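Visitor: Take a look at the following structure, please.
Read-outs: derived from the displayed coordinates by stated rules, not from any lab. A quick note: this is a predicted structure, and the numbers were derived from the prediction, not measured. Cβ coordinates were reconstructed from backbone atoms using ideal geometry, including for glycine residues, and neighbour counts include every protein chain displayed.
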Number of protein chains: 2
Amino acid sequence: MADKTTVAPAEPRVTPKSAYHHGDLRAQLIAAVRDLVETHGPDGFSVAEAARRAGVSSAAPYKHFKDRHEILRGVVSEAMDRLHAAMRSGAAAHATGSLEAVAAVGQAYVNFARAEPGVFRLVFGLTEGHENAPDLLKKGENCFGVVVEAAAACLELAPQHPDVQRRAYILWSFVHGHSFLTIDMKHKVASAEVDDWQYLMEVARAILGPVERTG
Amino acid sequence: MADKTTVAPAEPRVTPKSAYHHGDLRAQLIAAVRDLVETHGPDGFSVAEAARRAGVSSAAPYKHFKDRHEILRGVVSEAMDRLHAAMRSGAAAHATGSLEAVAAVGQAYVNFARAEPGVFRLVFGLTEGHENAPDLLKKGENCFGVVVEAAAACLELAPQHPDVQRRAYILWSFVHGHSFLTIDMKHKVASAEVDDWQYLMEVARAILGPVERTG
DNA sequence: CAGCTAAAGTTAGCAATTCTTACATTCATT
DNA sequence: AATGAATGTAAGAATTGCTAACTTTAGCTG
């Protein structure tokens, strides 16, 4: 029944010839939910309100999504695609192997969190969506892969090297935590956007700088 | 009206003489909600279910809490007290000024997240509770204060020193991010608890180690 | 082009939830 | 004992998640 809809068509036929009943409701619902999550918080969202915004009845969404969680997963999936793209283009804006490239990946991450705190929180706060969604897990790992690649280039080691993996994870942890703390309680120390770059460079230098073997 | 109940009595008269109508419902509701949040996820909680578990009618909770958000805030407040205590006792278990003391604070943080992922997520994922709750903000800053103190002792500087603040924030970001990533997607790199200490020490060393002035 | 099928939408409705209002009970103090 | 405030219940309004049954339209086929 609703098996193929789980993964999402990804490309909604771009332009449906003559506007179905509605057009393509799926994308519009995801957009509406994204907006709701952003303005009213991750829990201040309802399928009914999303349907209302899309101009359809409250039962229509269930033709496209199994349940409310699947809609949220759709939002998360779309958001992760954008996050991934932002991270990649952040890295690409600097010389391969430079600390700046690493910092830029982190900056893209933080920028995303700042720009869409509600969605960001949803992406990483979704609990019951993650288990049944291997595609989301993979997208998460792809994002981590961008960090790994930048770190590997910086250390001039293979991405599979455990030292690279470990350091990349440390960097990711910092950026992830910084993003959350920033949007959560906008701590004084990390209030201004200007500070981000300084922080990111400092941490990248501290973690990737002098290679000291552990163990 | 519901002003004094915001902060919570903290000690509920210990043992009410002959069991009021109920005993002390407030603490029991918080406990029930904490359990629900832990088992069914942060969103899988309902006032009705909590009341059911406490053996009272579904309207009873509203005599103690203004609305469902205030109950959650109660859970968060209680959880932050425990987190704060754990962090302090973690630091106290090691020599003042040692890197181990810093790492132990982080370890306590991570342990909490692992032990109560649902509550942990609730504490830092609560959106509509934070604005109207300056006491929660303060408790959060108190937790940060533990990190600052440990870092200050380690660097032999005053806690107010900007260098201390900045480095403490970086450490906190890492631990915070690591905690989230661990419970979110239990990334392979950070699966075993044994790794925590190694990570924490490595980061503490990298951040607090050689004092290099920035700017 | 008629006609069939499946997709995509609607209306109606159930069960559950949040929160309010009005009422009942019990504690604690005088 | 009697009263006032705290604490509970019962009942109900509004909203939501989701299902069932029905209708419309798109797109294919003969």
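Visitor: Where the eigenvalues come from the Cα gyration tensor of segment B:73-208, what are the semi-axes √(5λ) of the equivalent ellipsoid, largest first, in whole Å? Walk me through the intermediate numbers first.
Guide: Values: eigenvalues 102, 74, 31 Å².
Output for segment B:73-208: semi-axes of 23, 19, 12 Å.
Visitor: Quick one: label points 7 angstrom along Cα→Cβ at B:SER89, distances to the other copies in nm, smallest first?
Guide: Label-point separations across copies, in nm and ascending: 5.0.
Visitor: Could you give, in nm with one decimal, how far B:HIS69 is from each other copy of that position, shortest first, with labels 7 Å out from Cα toward Cβ?
Guide: Going from nearest to farthest copy, the values are 2.6 nm.
Visitor: Using modelled amide H (1.01 Å from N, peptide plane; none on Pro or chain starts), what sits under 5 Å from the amide H of B:GLY97, excluding residues fewer than 5 places away?
Guide: Residues meeting the criterion, in which the H sits 1.01 Å from N, are B:CYS154.
Visitor: Considering only the label points, 7 Å along Cα→Cβ from Cα, what distances in nm to one decimal separate A:ASP35 from the same position in each other copy, shortest first?
Guide: Relative to the other copies, A:ASP35 has label-point distances of 4.3 nm.
Visitor: Using the Kirkwood formula over every pair of different C-alpha atoms, what hydrodynamic radius in Å results for segment A:107-149?
Guide: Numbers: mean 1/r = 0.0885 Å⁻¹.
Computed over Cα pairs of segment A:107-149, the Kirkwood hydrodynamic radius comes out at 11.3 Å.
Visitor: Turning to a different aspect of this structure: Give the average, rounded to an integer, of partner chain Cβ atoms located within 10 angstrom of each Cβ in B:120-127.
Guide: Working: counts 0, 5, 1, 1, 7, 10, 4, 11.
Average per residue, whole number: 5.
Visitor: Ok, one more. Could you please rank A:THR182, B:THR127, placing first whichever residue has the fewest other Cβ atoms within 10 Å of its Cβ?
Guide: Least to most surrounded, the residues fall as B:THR127, A:THR182.
Visitor: Summarise the long-distance tail of P(r) for segment A:80-134 by giving the % of C-alpha pairs beyond 19 Å.
Guide: Working: 557 of 1485 pairs.
Cα-Cα pairs of segment A:80-134 separated by over 19 Å account for 38 percent.
Visitor: Can you name the residue in chain B whose Cβ lies closest to the B-to-A rotation axis, and give that gap in whole Å?
Guide: Axis-proximal residue of B, distance in whole Å: B:GLY177, 1.
Visitor: Which entries of A:LYS66/A:LYS139; A:LYS138/B:LYS138; A:LYS66/A:LYS138; B:LYS63/B:LYS139 show an alpha-carbon separation above 28 angstrom in the structure shown? Walk me through the intermediate numbers first.
Guide: Numbers: A:LYS66/A:LYS139 21 Å; A:LYS138/B:LYS138 38 Å; A:LYS66/A:LYS138 21 Å; B:LYS63/B:LYS139 25 Å.
As for pairs spanning more than 28 Å Cα to Cα, those are A:LYS138/B:LYS138.
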